[in-house]
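Engineer: The structure is given below, and queries will be raised subsequently.
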Amino acid sequence: MRWLVGWSSIAASFGTVGAVGHHGEGRTVHPVGSQLLWGDPDPLWAVGDWRPDEIRVVTVATPEGAPTTRLAVLGCCGATDEQLRVGLLAARGGALRHLTAWPGSYTAVVQIGRRITVAGDLAGARPVFHTPWANGTAYATAALPLADLIEAQLDIGHLAALLACPETPEALGDGTPYAGVKRIPPGHALILREGSREITGYEAVASLAVAAPQADPVSAVEGVRDALVEAVRARLTAPRHAPETLPPDPGPVPGMGPAERRAARGAPVPGIGADLSGGSASATLALLASGLPGLPGTVLGHGTGAGERLLAVTFNDLSAQGREDEMERARAIAANPRLHHVVVAAGEEALPYASLESGPLTDEPAPSLVVAERHRRRLSAGSADHFVGHGARQVLDAHPARLADLLMDRRRRHLLRPVAALARAEGPTTHSLFVPLAVYRAARRLARTSYRTGLETAASLLPDANRDAPDLDTPADASLASLAWSRPGPAARWLTGEALAEVSVRLQEAALRPAFVQRPGEARARAALARHAADQRILEQAAEIRSQRLHAPYLDNQVVRAARALPESLRVQPGARAAILRRVLAGAGIHDLPPGWGTPSQATSTAAGRIGLRTALPELIALFDAPLLADAGLVEARVVRRALRAASEGEPLPLDGLAELASTELWLRRLVTRRGTCWTGTAAPRQRAVAGGVVPARRTLQP
C-alpha cells in the first residue's frame, strides 16, 4: 500500500526540518516507513514502496524572499520535467486543470508559499482525504492513516449508506468509514492556506438549461484513441524495474515450469504484461502495448523492448462453464508474434469467497474483497508492470439514465436502437412486447423529474427497500430500475429498518441543500464510475503483489476526459464500447480481430459467483454467526444467513448484494483485529483507528 500524507497548520513554523511534524509543545509525529519530500512548516511525506521514478519533485527558482514554489507528482506521469514546470507556473496562477492533463495516473501536490493544493483525479481512483488536526488540516491519499492520526471511531451511518445506496453521492456525502475523515469529490482539488481548507472543482461545468454542442463522432473517437495511446505509452516509456529478491527457486518441480514456480513464490515476471481475457477492453490494451511504434531501444521501433514480447495473461476458470468462446478469442489474439501468452488455470481454490481468512487490511471496504484471491492468482503470473482493462465499461458505455438526457435534448430517434436491443434481450416473450414502451415512459419520467423531487422520492421509498426489493432478472428490468435519480443498492434488502431510515434522512437533507444539478444520465454515469474506481483502488490493495504495479489506463484523467466528449447518441447504441475500441485499434493500425470480439461475458462471472458462494457456504455462515454488522445495528444475522443459504440453492437473489455484505463484515473484522498504527514519534496517537479495537454500538454514534 502506497500513500502520501502532509498537513498545513496555522502556526508560522513547527520547527526545523530535522524535527519535522511537531504536534504542539515540541513533540514530534511522523508516519512509519516514510520518505520526506519537503519539510516544515507544511511537510509532505511519501509512505510505502514507491519506486524512485514514481516520485518527482520540481522546484521553480524564485527571487530571494519570494514564496517557495514547488510541485510533487507521485505515480506514473508521462510529462517531462519542462511540462511539469509549465504546469506548476499555471497552477500558481490558479489554472489547476493543467495539473490533471498529463498522461498517466498520479497525484499532484503544489506548494506556493503557505498555500498547498492537492488535485484529485476525475474517476476517483486516486482520491484525496482530509481531516482537522493540530489547529490545521492533515491530508492524505488514504483514509486509514488519517483515522489513526485523530484516533477516529467508525462512522456507522456512512457504512449504512455505502450498503444501501453505493452509487448515490448524496447519501454518501463527503464522508468515509472513519468519523471525522472526509473525502474530496472526483474532479476537485483541496486547497489549504495556513490550516484553512477549500474544495474547488477544476473541470468546466456544462449548463443544464442549454444542451452542449454535440461533438463530431469521428473526432471524438480519435480523441479517445489518442488518449489511450498516450496512456499506454506513458507506462511503456517509464523505467523498467525487476522484482525484488525473493526466496530462491527450489529447482525443478514436476508439472511446474519456471513461470509457475515464480508465481508460487509470489514474484511477478520482469517487464511489461497485460490481461487478455478475450474481451474488448483488455485486448485493446494488450494490442496497443505490444505494437506501439517509436519506443526507445526496440528493434525497428516496435514492441515493448529490444527482443522482448509483451506477456499476455489469460485466466481460465475451470469451475465455470461457458467461457469457451472467450478463451478462443484470447488464443486468436495471442497468436500475435509480439505477445507471449500464459494461461492461468484454476479451480475451486480461485472461486469468489475463497481464502477469506487471509488477505491484508485495505483502506476501506469494497465488494472486491471477496474476489481478491481470484485476482491474486491471475496477477501472480503477470509482469512487474501489468495492464488491466478495468473501468472501460463505466468510462465508455452509456448508463441507462442517459436515455433521459437524450429526451431532454429532443433526440427521440436515438432511443430506437437501444430500446429494441433491450426487447431482443428479453427473448420472444409477451413481456418483451411492452419493453420499448416501458423504457420510453421511464426515461420520459426521469427527464421530467427535478433533482429535488427525485431525491425526495428515493428517500420516501428507501425505508421499504428491505420488503419491496425487486428481483432484477433481465437487462430490461435492470435498465428500468436505473432510470431514476437514485435507487437502492443490491444489499439494501437485507439492512434493518433503522439503517434504511437513517440513509433516507441523509437523502432528504441532501434534497434540501442547494447544489449544482447535472443532467440525470450524466450524474448517474459519474456516480457509477466513482463507485467502480473506488472498488478498483481497494482491489489493488487487497490483491497486491510485491514489486508489481497494476495500470488501469481507462481510469486515467485524459482518457475519462476524452470519453466524456463522446456524443450521447453514439454511447447509447448497442455494442458501442466494442465499436469505439475497434475504431481505436484501427486508428493505431490494428485491423485483424477474431470473430465475436467485443461480445459481453458478464454471465460467466455471475455463474462463478454462485458456485463460489455454494462452495464457501460453511465459512460464510460462520462469518455471519455473530457479525459485527449486526452489533452495529445494520443487519440481522439470521436474515443474512437465510439469504446465503437460499442463494446457494439457486434462488434468484442479487449476488452483488451478498458480496457487499460479506466484504464489509470481513473488512470490519480485519480492522478491529489489526495491530500497530501508521504513526510514530513522541506525540504519536496512543490508539489506532476504531479505538479500543471494537465496533462501537450504534447508539453511541447518535448526536
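The values are calculated or read from the model by the stated rules, or taken from the named source; none is laboratory data. Just so you know, these numbers come straight off a predicted model, no measurement behind them. All Cβ positions, even for glycine, are placed from backbone atoms using ideal geometry, and neighbour counts span all protein chains on display. For the accessible areas, the whole protein counts, side chains as well, though only heavy atoms, and no ligand, DNA or RNA atoms are used. Shrake-Rupley method; radii C 1.70, N 1.55, O 1.52, S 1.80 Å.
Engineer: I'd like to check something: does the stretch 380-402 contain any residue that is open to solvent by 30 Å² or more (accessible area, probe 1.4 Å) and touching a strand residue (DSSP E or B) at 6+ places or on another chain (Cβ under 9 Å)?
Structural biologist: Scanning the stretch 380-402, I find at least one residue that is open to solvent by 30 Å² or more (accessible area, probe 1.4 Å) and touching a strand residue (DSSP E or B) at 6+ places or on another chain (Cβ under 9 Å), so the answer is yes.
Engineer: Being touching a Gly at 6+ places or on another chain (Cβ under 8 Å) and either of a type in the set (Asp, Glu) or not in a helix (DSSP H, G or I) (or both) narrows it down to one of 660, 619, 665, 651, so name that one.
Structural biologist: Unique residue meeting the criteria: 660.
Engineer: So residue 665 passes all but one of these: (1) open to solvent by less than 10 Å² (accessible area, probe 1.4 Å); (2) in contact (Cβ under 8 Å) with a residue 60 or more places away in the chain; (3) within 15 Å of residue 369 (Cβ to Cβ). Which condition number does it fail?
Structural biologist: If we test residue 665 against (1) open to solvent by less than 10 Å² (accessible area, probe 1.4 Å); (2) in contact (Cβ under 8 Å) with a residue 60 or more places away in the chain; (3) within 15 Å of residue 369 (Cβ to Cβ), just (2) comes out false.
Engineer: Filtering the stretch 672-693 down to residues that are surrounded by 12 or more Cβ atoms within 10 Å (Cβ to Cβ), β-branched (Val, Ile, Thr) and closer than 20 Å to residue 176 by Cα, which residue is modelled with the lowest pLDDT?
Structural biologist: Within the stretch 672-693, the match that is modelled with the lowest pLDDT is 690.
Engineer: Report, by residue number, each residue of the stretch 54-80 that is farther than 19 Å from residue 558 by Cα, touching a strand residue (DSSP E or B) at 6+ places or on another chain (Cβ under 9 Å) and charged (D, E, K, R).
Structural biologist: Residues satisfying the conditions are 56, 70.
Engineer: For residues in the stretch 596-618 being free of Cβ contacts under 8 Å to residues at least 40 places away in the same chain and over 19 Å from residue 321 (Cβ atoms), which is most open to solvent (accessible area, probe 1.4 Å)?
Structural biologist: If we take residues in the stretch 596-618 being free of Cβ contacts under 8 Å to residues at least 40 places away in the same chain and over 19 Å from residue 321 (Cβ atoms), then 618 is most open to solvent (accessible area, probe 1.4 Å).
Engineer: Mind counting the residues in the stretch 66-78 that are part of a loop (DSSP other than H, G, I, E, B) and within 26 Å of residue 49 (Cβ to Cβ)?
Structural biologist: Here the count works out to 1.
Engineer: Looking at (1) open to solvent by 30 Å² or more (accessible area, probe 1.4 Å); (2) at pLDDT 90 or above, which is the one condition that is false for residue 322?
Structural biologist: (2)
Engineer: What single numbered condition from (1) closer than 30 Å to residue 229 by Cα; (2) surrounded by 19 or more Cβ atoms within 10 Å (Cβ to Cβ); (3) touching a Cys at 6+ places or on another chain (Cβ under 9 Å) fails to hold for residue 53?
Structural biologist: (2)
Engineer: Next up: Report every pair of residues separated by at least 6 positions or lying on different chains whose Cβ atoms are under 7 Å apart, first residue within the stretch 494-522 and in contact (Cβ under 8 Å) with a residue 60 or more places away in the chain, second aromatic (Phe, Trp, Tyr).
Structural biologist: Qualifying pairs under 7 Å: 517/451; 520/485.
Engineer: So, in the stretch 349-367, of the ones that are among the hydroxyl-bearing types (Ser, Thr, Tyr) and surrounded by 24 or more Cβ atoms within 10 Å (Cβ to Cβ), which residue ends up nearest to residue 544 (Cα to Cα)?
Structural biologist: Within the stretch 349-367, the match that is nearest to residue 544 (Cα to Cα) is 362.
Engineer: Restricting the first residue to the stretch 98-114 and requiring it to be farther than 12 Å from residue 75 by Cβ and of a type in the set (D, E, K, R), which pairs with a second residue that is part of a strand (DSSP E or B) and open to solvent by 30 Å² or more (accessible area, probe 1.4 Å) meet a Cβ separation below 7 Å and a spacing of at least six or different chains?
Structural biologist: Matching pairs, first to second residue: 114/193.
Conditions (1) hydrophobic (A, V, I, L, M, F, W, C); (2) in contact with a Phe, Trp or Tyr (Cβ under 6 Å, 6 or more places away or on another chain); (3) buried (at least 20 other Cβ atoms within 10 Å of the Cβ); (4) outside any helix (DSSP H, G or I), marked per residue:
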site: 524; (1), (2), (3), (4): no, no, yes, no
site: 533; (1), (2), (3), (4): yes, no, yes, no
site: 538; (1), (2), (3), (4): yes, no, yes, no
site: 547; (1), (2), (3), (4): no, no, no, yes
site: 554; (1), (2), (3), (4): no, no, yes, no
site: 559; (1), (2), (3), (4): yes, no, yes, no
site: 566; (1), (2), (3), (4): yes, no, yes, yes
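Engineer: Taking the condition farther than 27 Å from residue 394 by Cα, open to solvent by 30 Å² or more (accessible area, probe 1.4 Å), in contact with a strand residue (DSSP E or B) (Cβ under 9 Å, 6 or more places away or on another chain) and of a type in the set (A, V, I, L, M, F, W, C), does residue 179 pass?
Structural biologist: Taking the combined requirement at face value, the residue satisfies it.
Engineer: Residues 172, 154: which one is without any contact (Cβ under 8 Å) to a residue 40 or more places away in the chain and open to solvent by less than 50 Å² (accessible area, probe 1.4 Å)?
Structural biologist: Result of the check over 172, 154: 172.
Engineer: Here is a list: 487, 546. Which entry is of a type outside the set (Asp, Glu), modelled with pLDDT under 95 and more than 22 Å from residue 159 (Cβ to Cβ)?
Structural biologist: None of the others qualify; the one that does is 546.
Engineer: Separate question: Within the stretch 492-516, restricting attention to residues that are outside any helix (DSSP H, G or I) and under 25 Å from residue 463 (Cα atoms), which residue is least open to solvent (accessible area, probe 1.4 Å)?
Structural biologist: It comes out as 495.
Engineer: Quick one: would you say residue 118 is of a type in the set (A, V, I, L, M), touching a Lys or Arg at 6+ places or on another chain (Cβ under 8 Å) and within 25 Å of residue 203 (Cβ to Cβ)?
Structural biologist: no
Engineer: I'm trying to understand the selection: among the residues of the stretch 573-595, which are assigned to a helix (DSSP H, G or I) and open to solvent by less than 60 Å² (accessible area, probe 1.4 Å)?
Structural biologist: Within the stretch 573-595, 576, 577, 578, 579, 580, 581, 584, 585, 586, 587 meet the criteria.
Engineer: In addition: How many residues does the stretch 39-50 contain that are of a type in the set (Phe, Trp, Tyr) and either more than 29 Å from the chain's Cα centre (by Cα) or open to solvent by less than 10 Å² (accessible area, probe 1.4 Å) (or both)?
Structural biologist: Result for the stretch 39-50: 1.
Engineer: To continue, here is another question. Working only within the stretch 79-133, note down all residues that are surrounded by fewer than 21 Cβ atoms within 10 Å (Cβ to Cβ), part of a loop (DSSP other than H, G, I, E, B) and not charged (D, E, K, R).
Structural biologist: 80, 93, 94, 95, 101, 113
Engineer: State yes or no: is residue 243 out of contact with any strand residue (DSSP E or B) (no Cβ under 9 Å at 6 or more places or on another chain), outside any strand (DSSP E or B) and at pLDDT below 80?
Structural biologist: Criteria not met by residue 243.
Engineer: If you don't mind, another one. Within the set of pairs 6+ apart or on separate chains, which have a first residue in the stretch 556-570 that is in contact (Cβ under 8 Å) with a residue 12 or more places away in the chain, a second that is basic (Lys, Arg) and open to solvent by 30 Å² or more (accessible area, probe 1.4 Å), and C-beta atoms under 7 Å apart?
Structural biologist: 569/411
Engineer: Turning to a different aspect of this structure: Could you grab me the full set of residues in the stretch 625-639 that are hydrophobic (A, V, I, L, M, F, W, C) and either touching a strand residue (DSSP E or B) at 6+ places or on another chain (Cβ under 9 Å) or under 22 Å from residue 154 (Cα atoms) (or both)?
Structural biologist: 626, 628, 629, 630, 632, 634, 635, 637
Engineer: Let me ask something else about it. What pairs come up if the first residue lies in the stretch 359-376 and is within 12 Å of residue 666 (Cβ to Cβ), the second is outside any loop (DSSP other than H, G, I, E, B) and β-branched (Val, Ile, Thr), and their beta carbons are under 8 Å apart, counting only those six or more places apart or on different chains?
Structural biologist: 362/538; 365/538; 365/664; 366/538; 368/538; 369/538
One line per residue, one yes/no per condition, for (1) over 28 Å from the mean Cα position of the chain (by Cα); (2) over 30 Å from residue 224 (Cα atoms):
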| site | (1), (2) |
| --- | --- |
| 561 | no, no |
| 566 | no, no |
| 569 | no, no |
| 572 | no, no |
| 591 | yes, no |
| 594 | yes, no |
| 611 | no, yes |
| 644 | no, yes |
| 647 | no, yes |
